[in-house]
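Contents: one structure, followed by commentary.
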Amino acid sequence: MKVLVVGSGGREHALAWKLTQSRRVSEILVAPGNAGTAGIAENVDVPTTDLQGLVALAENRHIDFVVVGPEVPLSLGLVDVMQEAGVAAFGPSRDAARLEASKSFAHDVMRKCGVPCAASRVFTEFETAQGYAATLEPPFVVKADGLAAGKGALIVTTQREATDALYDILVRRVFGEAGDRVVIEEFLQGKEVSLLAFSDGEHVAPMVPSCDYKRAYDGNRGPNTGGMGCYSPPGFFDAAMVQQATETVITPVVRAMAAEGCVYRGVIYAGLMVELDRIHVLEFNARFGDPETQVILPRLQSDLFDILESCVAGTLTPESIAWKPGCSVGVVMASGGYPGHYERGKVISGLDRADSDVVVFHAGTRLDATGRILTDGGRVLNIVATGETMAEARDRVYSSVARISFADMMYRTDIARREVS
Ligand code: AMP
Ligand code: GLY
């Protein structure tokens, strides 16, 4: 099988890496990819939002199967156009991807099927939104309804902050069209877990759970990022909790989507807030998480291609998917300044000095004309180690991280620390 992976981040490197282990996959193309995917696959320089360009690539190169990484091409309908062109593609249709692309749509679905989520209301006018916000006791959460690259949720602690957030989204339109509507939401307490599941539209198979570190600096300080590290599994979210979340959150939503004629095939990612044994949904994503995928796929024992194919065909058999026991920890090495302004083009050294059983996933990297690997984004690398225990995985990952360097690099030193103290 010839597979095309769409995207250029650590998630896509991890997907391509796992697909190289499939006995069914003979060739992998990545569009546009990075320096890491260049080492295991063929990069093709087509942007992820160029739907027609990607269809042409799939047709010209006789691609059998497309795996879509990021949310933007999904919400633009890349899976729909691939299927119209007769190319099998993994991921939800444009309509089904609204589960991520519109927070108010996701809330409506959850409300209809009784899935626990924060109480919320939707507004389009600044004055009405502010009038409602004035009746609430902070903290609460103000969110742009649409896709805002992970930056659209603002936790406000004063009325002044609430007014500013609503003004920024609805009047100054800092998130553009994503802020046509704003969601004002109750603040939930607890610990966050990412639970991703495969879905063929009817059956769902949860993956191993993981925790993402969204803040830039140690101790969960600093601005929100795309994710600075991740580990699996969280000690506070055991197999019984996975089952509970699958039964009370993921399965009802997949059924509700099907009942509305909007069959959901692909990865359904539930961002959950857990307090004791109570589980609430913070958000849904319509794709593999980044950096979650980088710690999840090293724990997958089964053939990833078989699973993806069965999701598209509607023949997913959850009981046939096997996971390795043990733990995994992933640390993101980022450019200094990220998620704000940062420089690109720094030479990365020490990549060959990582332990052989540690995986170095690339995110924002590129090759220069002489074959050197340079930084080319905010999140540059994602170093991942597995171990029988979290302490072992953690020691392994940080010992390899210490041997890799580039100018102005930054990384968190506390990924998974709470699991080993
Ligand atoms: P979202 O873009 O909806 O995933 O939100 C980004 C981050 O904001 C989440 O990972 C949480 O840390 C936080 N957050 C979002 N919604 C809530 C909420 N209702 N209560 C508390 N924290 C939230
Ligand atoms: N790690 C968060 C996300 O993929 O949206």
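Throughout, read-outs are computed from the coordinates displayed, never taken from laboratory work. All values reported here derive from a predicted model rather than from experimental measurement. Here Cβ is always computed from backbone atoms with ideal geometry, including for glycine, and neighbour counts include all displayed protein chains.
Could you pull out the pairs from Lys143/Lys324; Lys103/Lys191; Lys103/Lys214 whose alpha carbons sit more than 26 Å apart here? Listed pairs above 26 Å: Lys143/Lys324.
Taking only the C-alpha atoms of the chain, Rg followed by Dmax gives 20.7, 61 Å. Centre-to-centre separation between the Cα atoms of the range 163-239 and those of the range 367-421: 22 Å.
Residue exposure proxy: Ile268, Ile155, ordered by other Cβ atoms within 10 angstrom of their Cβ from fewest to most, comes out as Ile155, Ile268. Amide H to amide H distances under 5 Å link Phe65 with Lys2, Leu4, where only residues 5 or more positions off or on other chains count and H is placed in the peptide plane. Taking other C-beta atoms within 10 Å as the exposure proxy, Glu319, Glu71 rank Glu319, Glu71 from fewest upward.
I need the peptides 171-182, 375-386 ranked by packing, meaning the mean over residues of other C-beta atoms within 10 angstrom, with the highest value on top. The partial results should precede the final answer.
Values: 171-182: 16.9, 375-386: 26.1.
Ranking the peptides 171-182, 375-386 by packing returns 375-386, 171-182.
Net charge of the neighbourhood of Ala402, taken over other residues with C-beta under 14 Å away and scored Lys/Arg +1, Asp/Glu -1, is +3. Listed from fewest to most Cβ neighbours within 10 Å, the set Met207, Met410 follows the order Met410, Met207.
Taking θ as phi - 60° and the Karplus parameters 6.51, -1.76 and 1.60, the scalar couplings of the range 289-300 work out to x, 10, x, 4, 4, 5, 9, 7, 5, x, 8, 7 Hz in sequence order, x denoting glycine and proline.
Each residue of the range 112-129 was assigned a 3J(HN,Hα) from its phi angle through the Karplus curve 6.51 cos²θ - 1.76 cosθ + 1.60 (θ = phi - 60°); the sequence is 4, 10, x, 7, x, 8, 5, 5, 8, 9, 10, 9, 10, 10, 4, 4, 5, 4 Hz, with glycine and proline shown as x. Of interest is the spacing of the C-alpha centroids, which for the range 274-290 and the range 25-92 amounts to 27 Å.
Given +1 at the Cβ of Lys and Arg, -1 at the Cβ of Asp and Glu and no other charges, the dipole of the chain around its Cα centre is 660 debye to the nearest 20. In sequence order, the range 264-276 has phi-based couplings of 9, 10, x, 9, 10, 10, 9, x, 10, 10, 10, 10, 6 Hz under the Karplus curve 6.51 cos²θ - 1.76 cosθ + 1.60, θ = phi - 60°, and Gly or Pro positions carry x.
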